[in-house]
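Have a look at the structure below, then the notes.
The values are calculated or read from the model by the stated rules, or taken from the named source; none is laboratory data. In this text the structure is predicted, and so the values were computed from the model without any measurement. Here the Cβ positions follow ideal geometry from the backbone for every residue, glycine too, while neighbour counts run over all protein chains shown. Note: accessible area is taken over every heavy atom of the protein model, side chains too, but ligands, DNA and RNA are not part of it. Shrake-Rupley method; radii C 1.70, N 1.55, O 1.52, S 1.80 Å.
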Amino acid sequence: MKETLASNFEKIYSQKPEVFAQAPGRIEFIGNHTDYNGGYTMGAAIDRVVMVALAKRTDTLLCFASAKSGEIVKIDLKDIKKQPREYNWVNYPLGVFKFLLEAGMKADTGFNMLDMSNLPAGSGLSSSAAIELSTAFALCKLYGFECDLKTKVRIGRKCENLFVGMPCGILDQGVSGFGKKDALVFIDCKSEEFSNAPLPQECKFWLFNSTKKHALVDGMYEARHNECMEAAKILSEGGEDRLLREFSIADLEAKKDKMSANAYKRAKHIIEENRRVLEAKKALEADDIKTVGKLMVASHESSRDLFENSCPELDFLVAEAVKNPHVYGARLSGGGFGGAVLALTDKDFCETDAQKIAEAYQNKFGLKPAVFACSAGDGAKNI
Ligand code: GLA
């Protein structure tokens, strides 16, 4: 992949790339929408990546080439602003550049950039976080800027929140940054501490992409975010503002009548989901994979019934997957409203098993799900 990227870069820019970096996509293992509520979540970096190549220019232009259309978007580094919808793909690397400058990176001249990916797009594997992290690594190397991994991860999230306009938490960037082969990434989103949790060797991840389009930036995600904030505000009344992470079910029940039915349901999901993440971590440490599987299914049911970010396609895939005796658990993974279902399986679950689930899905919805197996891979790095 690196060679192809290098030769495409040379064809487009008549110049050799100077630096390369890569960052993985991620799965959300358990902890749905807990991140921006200051809670707990666990994910895994997968063995599929976005790769970025960069070289300095002598003028002040920032050039972004699209591998898809061959088009080059040029922006002067003294005039950085959010690009319109048709060039939204540029906003991810552009926002990272902007916030690296704000963090102290010095850049007198611009750059040429090209990326390439083997991540299936639009399946909820967070290709955007992978672009942000790989860009951050590549830019720091190109301009000789020292900054630690946590800062790069935070800059990725800042780019989403303040530049792209997506009010996400730190899950995607944290996992893409702190991923480790054969391990999960556990995140305490309040203290922004990242650690690795063991993943039993005999387990595999299978992803079933519903191919139902999810539209994170387009409202539904934001609506859920706002309902959580509404609930947190009501629970905080009489004291300082705190996020849902700080409250118990007893706190919630005591104020149930003060909030909308939706705010109550969203908050209940978040409070219970935080507990499930901690229980899953404990179960993983005790090598109790059956309990982990049960918690995954409970997580899905809560997303479906309380957070209401599932859809019939995802519910069907989960129900079909858990019928298979080699599946420990399954759940929607990521923002929801379409996207992918993650199944945690034993090592004997095979392509034939996966195809059975895919066929049942196709018969019911007339959509062909994209199915693939992956394992936990390493986080972002220069290559
Ligand atoms: C998306 C967001 C994450 C997280 C998940 C849901 O992937 O980018 O920050 O909120 O949804 O858990």
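Please compute the Kirkwood hydrodynamic radius of the range 204-374 from all pairs of different C-alpha atoms, in Å with one decimal. Working shown, then result.
Numbers: mean 1/r = 0.0584 Å⁻¹.
Hydrodynamic radius (Kirkwood, Cα pairs) of the range 204-374 is 17.1 Å.
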Nearest 10 degrees, 0 to 90: what angle lies between the long axis of helix 2-13 and the longest principal axis of the chain (Cα atoms)?
50 degrees
Under 5 Å between amide H atoms, partner at least 5 residues away or on a different chain: which partners does Asn196 have, H built in plane at 1.01 Å?
Phe186
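If N is the number of residues in the chain, what value comes out of its Cα radius of gyration divided by 2.2 N^0.38 Å?
0.99
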Quick query: amide H of Tyr328 versus all other amide H atoms, modeled in the peptide plane; which residues come in under 5 Å with a sequence gap of 5 or more or a different chain?
Leu344, Thr345, Asp346
Farthest toward the dipole's positive end in the range 1-103, which of Val52, Asn32, Gln22, given Cβ charges of +1 (Lys, Arg) and -1 (Asp, Glu) about the Cα centre?
Val52
Using +1 on the beta carbon of Lys and Arg, -1 on that of Asp and Glu, and nothing else charged, what's the dipole of the range 204-374 about the Cα centre, debye to 20?
200 debye
Go through Leu252, Ile270, Phe316 and say which Cα lies farthest out towards the positive end of the charge dipole of the range 251-346; charges sit on Cβ, +1 for Lys and Arg, -1 for Asp and Glu.
Leu252
accessible surface per residue for the range 155-201, probe 1.4 Å, DNA/RNA/ligands not counted, whole Å² -> 35 Å²
With +1 on each Lys and Arg Cβ and -1 on each Asp and Glu Cβ, how big is the dipole of the range 2-199 about its Cα centre, in debye rounded to the nearest 20?
260 debye
At 222 nm, what value in deg cm²/dmol follows for the chain if DSSP H runs of at least 4 each add -39500 (n - 2.57) and the sum is divided by all its residues, to the nearest 500?
-12500 deg cm²/dmol
In straight Cα distance, which aspartates and glutamates are under 18 Å from Lys16, not counting same-chain residues fewer than 8 positions off?
Glu3, Asp59, Asp115
Restricting to aspartates and glutamates and to Cα separations under 12 Å from Lys181, and discarding same-chain partners fewer than 8 apart, the set is Asp47, Asp378
Correct response: the longest run of the chain lacking exposed trypsin sites (Lys or Arg not before Pro), defined by DSSP loop and at most 10 other Cβ within 10 Å, is 214-383
Give the residue from Gly293, Gly339, Asn88 lying farthest towards the positive end of the charge dipole for the chain; charges sit on Cβ (+1 for Lys and Arg, -1 for Asp and Glu) and the dipole is referred to the Cα centre.
Asn88
If amide H atoms are built 1.01 Å from N in the plane of the peptide, which residues on other chains or at least 5 residues away come under 5 Å of the amide H of Thr41?
Ile187, Cys189
If the reach is capped at under 16 angstrom between alpha carbons, list the lysines near Lys364, excluding any in the same chain fewer than eight residues apart.
Lys212, Lys356
Å³ per residue enclosed by the Cα convex hull of the range 156-212:
108 Å³
Quick one: what Rg and Dmax do you get for the range 2-199 from the alpha carbons, in Å?
16.2, 48
About its Cα centre, the chain carries a charge dipole, from +1 on Lys and Arg Cβ atoms and -1 on Asp and Glu Cβ atoms, whose size in debye to the nearest 20 is 560 debye
Between helix 261-285 and the chain, what is the angle of the helix's C-alpha long axis to the longest principal axis, kept within 0 to 90° and rounded to the nearest 10?
80 degrees
Counting only protein heavy atoms and a 1.4 Å probe, tell me what percentage of the range 155-244's accessible area is made up of carbon and sulfur.
51 percent
What angle do you read, to the nearest 10 degrees and between 0 and 90, between the alpha-carbon axis of helix 88-102 and the longest principal axis of the chain?
80 degrees
